[in-house]
Amino acid sequence: MTTDASALKTAAGPVLRVSGLSKTYRREGTGWRRTDLIVAASEIELEIFAGQTLALAGSSGSGKSTVARCVTRIERPDSGQICLEGTDIAQLDSGALRPFRPQLQMVFQDPVTSLNPRFTAAEVIEEPLLIQKQGDKSTRRSRVKELMQEVGLSPQWADRSAMDFSGGQRQRLAIARALALQPKLLVLDEALSGLDLSTEAQIANLLLDLQAFHSLAYLFISHDLALVARLADTMAVMANGRIVERGPTLQVVANASHPETRTLVTSARAAQANLAALGVAP
Ligand code: ADP
Ligand code: MG
């Protein structure tokens, strides 16, 4: 009965609901001002359901990564709520956060720097299991191989150095690591930026397959609208720390009522035109 009731609650509510989230940074000021205040995120509202993707788009410096770091509680927001299946984790200290950490995982843009270069592929994936003290050596080893298979990496490569993997393979490793603790939400911060186009398409497909299989919720951060349109049901556009436009992805792209959205649409069109000029189908 208890299981049925909690399953019902999970099905009814969003995995993540963010409301009124704000984060300000202080920076050394110039001249008579000792410090400058940078409002990196202001009054952010987001909602993501299981099995769905919300994209956060916007140009560089608009505050996307700040939202990502607050949502995953790498940083503590100044104010606002971050409700993970109904529990507000916005101001929890590290001890109280511990049981929630597995549910929120992040994949960064550059796995080369976010991975420890001395690690083997197996060690990269196993580390979160060790930190959370899950399983013994042999169950962890078989879980690692299962995860490698799931992201399209041969388990035979488990003991190779992570540095010997290609860019796309490293991103698969980073995804396997993020999945190790069976998260509810993946925050993908420019995770496909910097990959070549065919690798980007393959990893996008992998993300779609993993989402369908595990009912994962994604917060997908990108400045590339073509990619956003492929992956996200709904999107929000950020400019100067605020969400300036939001809605179903195709509708936002078609309306593009805010100048920031129009800039993103223009650069996506330019990228497609460049590809067409090269004779490559976008
Ligand atoms: P985006 O990911 O959209 O490029 P960020 O969230 O990284 O944007 O940055 C938003 C704003 O906050 C920028 O003006 C950036 O310079 C500033 N910022 C981000 N992190 C810090 C920090 N740790 N200290 C000071 N300013 C920061
Ligand atoms: Mg960023």
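Read-outs throughout are calculated quantities, based only on the coordinates presented, and are distinct from any laboratory measurement. Computed from a predicted model, the values in this text were never measured in an experiment. Methodologically, a virtual Cβ is constructed for each residue, glycine included, from the backbone with ideal geometry; neighbour enumeration extends over all protein chains shown.
Overview of values
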read-out: Proxy reagent accessibility, fewest Cβ within 10 Å first, across 136, 110; value: 136, 110
read-out: Residue order, fewest to most surrounding Cβ atoms within 10 angstrom, among 223, 214; value: 214, 223
read-out: Rounded if a/c under 1.5, otherwise prolate or oblate - the chain, Cα gyration tensor axes; value: rounded
read-out: FRET efficiency, 1/(1 + (r/R0)^6) with R0 41 Å, evaluated for residue 59 and residue 133 via beta carbons; value: 0.50
read-out: Residues 220, 165, 119 arranged by fewest to most Cβ contacts within 10 Å; value: 119, 165, 220
read-out: Highest-MSF residue in the chain out of 208, 219, 97 [GNM, Cα springs under 10 Å]; value: 97
read-out: GNM flexibility winner over the chain from 79, 154, 22 (Cα, springs under 10 Å); value: 154
